[in-house]
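Worksheet: the structure to be examined is printed underneath.
The values are calculated or read from the model by the stated rules, or taken from the named source; none is laboratory data. Quick caveat: nothing in here was measured; it's all calculated off a predicted structure. As a convention, Cβ positions derive from the backbone with ideal geometry for all residues, glycine included, and neighbour counts pool all protein chains shown. Heavy atoms of the whole protein, side chains included, go into the accessibility calculation; ligands, DNA and RNA do not. Shrake-Rupley method; radii C 1.70, N 1.55, O 1.52, S 1.80 Å.
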Amino acid sequence: MFDLTGKKALVTGATGGLGSAIAKALAAQGAIVAISGTREAVLNELAAQIPNSVPLVANLSGEGEAEGLIKRAEEALGGLDILVANAGVTRDGLLMRMKDSDFDDVLKINLYSYFAMCKAAMRGMMKQKSGRIIGIASIVGVTGNAGQANYAASKAGMIGFTKSVAQEVASRGITANCIAPGFIVSPMTEILTDAQKAATMAQIPAGRMGEADEIAALACYLASDEAAYITGQTININGGMAMI
Amino acid sequence: MSEVLEKVKAIVVEHLNADPEKVVENANFIDDLGADSLDTVELVMAFEEAFGIEIPDDAAEKIQTVGDAVKFISEKQ
């Protein structure tokens, strides 16, 4: 089950906590994985740990970078079967204190790059009549979160976008889904204060934070042939923090 | 011109599973040949590949009939 032997995958934001776990998990299932991120040294270090992986340095906030990354991945791998759009940033702050640039940056990196990558990847997937788009959204895109209006907008945007894409290409063997992780142990949640963590923990019926590997397992499933009939969905994986 | 027309016809027949007799110059992909909007995107991709040309998005939108495609491709070559 969930065998990905020979499948060609691209994972963005691969140097992050979730991204590296997803890249490793896809590779463990047999996929050839291109990993992208902004930090070259960390990326090369990660590539050394993952067999058959290709490091591609890319800063998705740059003009044409997202589209270019797809082309580079297709060239390096000889095609693309699986796109895991995991790269994302936060610029938290209350709306009344939020700078225009904080909103723009988050939308650009989290949502616009997702659009540009999906568009670029669609050509090849349409031709081969198969493909897997997996957008890493967030529980915040579903429920909202004070101090994260920009981040929530970007993640909710990913979810709506994914549903539309899923409808457009379902007849061509291509699925598009989002994973909406809750509170996961990662560098992104590491920066929270103990008080913030405790407050969040109180809302999680499972009584613990999620592990990156638990998200990665879901990504492997969605990437697999077995998940061909699931499309346009947002899978919430959050220890019961929000039951939707 | 006729060579391009024949090649375009063959691509349309194959991609849309269309009746070859209906694939005439003024046949509209969507209205006459049963294509949906995604089919037309695929057709344009197939033309690009078969003729080794690039069809920009704004031009692609105007290619709605077999004749439109033949005209555009002939001018490009």
* Asked: Picking from A:Leu83, A:Leu111, which residue would you name as being closer than 18 Å to A:Ala219 by Cα, in contact with a helix residue (DSSP H, G or I) (Cβ under 6 Å, 6 or more places away or on another chain) and modelled with pLDDT of 95 or more?
  -> A:Leu83
* To do: Assess whether A:Ala48 counts as being touching a residue at least 12 places away in the same chain (Cβ under 8 Å) and among the aliphatic types (A, V, I, L, M).
  => no
* **All positions within region A:28-45 that are in contact with a helix residue (DSSP H, G or I) (Cβ under 7 Å, 6 or more places away or on another chain) and over 19 Å from A:Ile82 (Cα atoms)** => none
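Just to be sure I understand, how many residues within region A:1-18 are crowded, with 20+ Cβ neighbours inside 10 Å and over 19 Å from A:Ala120 (Cβ atoms)?
4
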* Structure fact -> Of those in region B:36-60 that are charged (D, E, K, R) and either within 11 Å of chain A (Cβ to nearest Cβ) or not in a helix (DSSP H, G or I) (or both), the residue most open to solvent (accessible area, probe 1.4 Å) is B:Glu54
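Does region B:1-26 hold any residues that are without any contact (Cβ under 8 Å) to a residue 40 or more places away in the chain and surrounded by 13 or more Cβ atoms within 10 Å (Cβ to Cβ), and which are they?
B:Ala10, B:Ile11, B:Val13, B:His15, B:Leu16, B:Ala18, B:Lys22, listed by residue number.
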* Taking A:Glu211 as meeting all but one of (1) under 20 Å from A:Ala25 (Cβ atoms); (2) within 14 Å of chain B (Cβ to nearest Cβ), write down the number of the exception. => (2)
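Table: residues versus (1) touching a strand residue (DSSP E or B) at 6+ places or on another chain (Cβ under 7 Å); (2) part of a loop (DSSP other than H, G, I, E, B).
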site	(1), (2)
B:Val4	no, no
B:Ala10	no, no
B:Asn26	yes, yes
B:Asp31	no, yes
B:Val70	no, no
* Only residues that are open to solvent by less than 50 Å² (accessible area, probe 1.4 Å) and either closer than 22 Å to A:Lys108 by Cβ or aromatic (Phe, Trp, Tyr) (or both): list them for region A:35-60, please. => A:Ile35, A:Ser36, A:Gly37, A:Leu43, A:Leu56, A:Ala58, A:Leu60
* Out of all the residues in region A:100-119, is one or more in contact (Cβ under 8 Å) with a residue 40 or more places away in the chain, assigned to a loop (DSSP other than H, G, I, E, B) and not hydrophobic (A, V, I, L, M, F, W, C)? -> no
* **Meets criteria (of a type in the set (Val, Ile, Thr) and either out of contact with any Leu (no Cβ under 9 Å at 6 or more places or on another chain) or within 12 Å of chain A (Cβ to nearest Cβ) (or both)) for B:Ile30** => yes
* Pairs, please: C-beta under 6 Å, at least 6 apart or cross-chain, first residue over 14 Å from A:Ile134 (Cα atoms) and in region A:228-243, second assigned to a loop (DSSP other than H, G, I, E, B) and open to solvent by 30 Å² or more (accessible area, probe 1.4 Å)? -> A:Gly239/A:Ala206; A:Gly240/A:Pro205; A:Gly240/A:Ala206; A:Met241/A:Gln203
* When you scan region B:15-24, how many residues do you find that are in a helix (DSSP H, G or I) and away from chain A (no Cβ under 14 Å)? -> 3
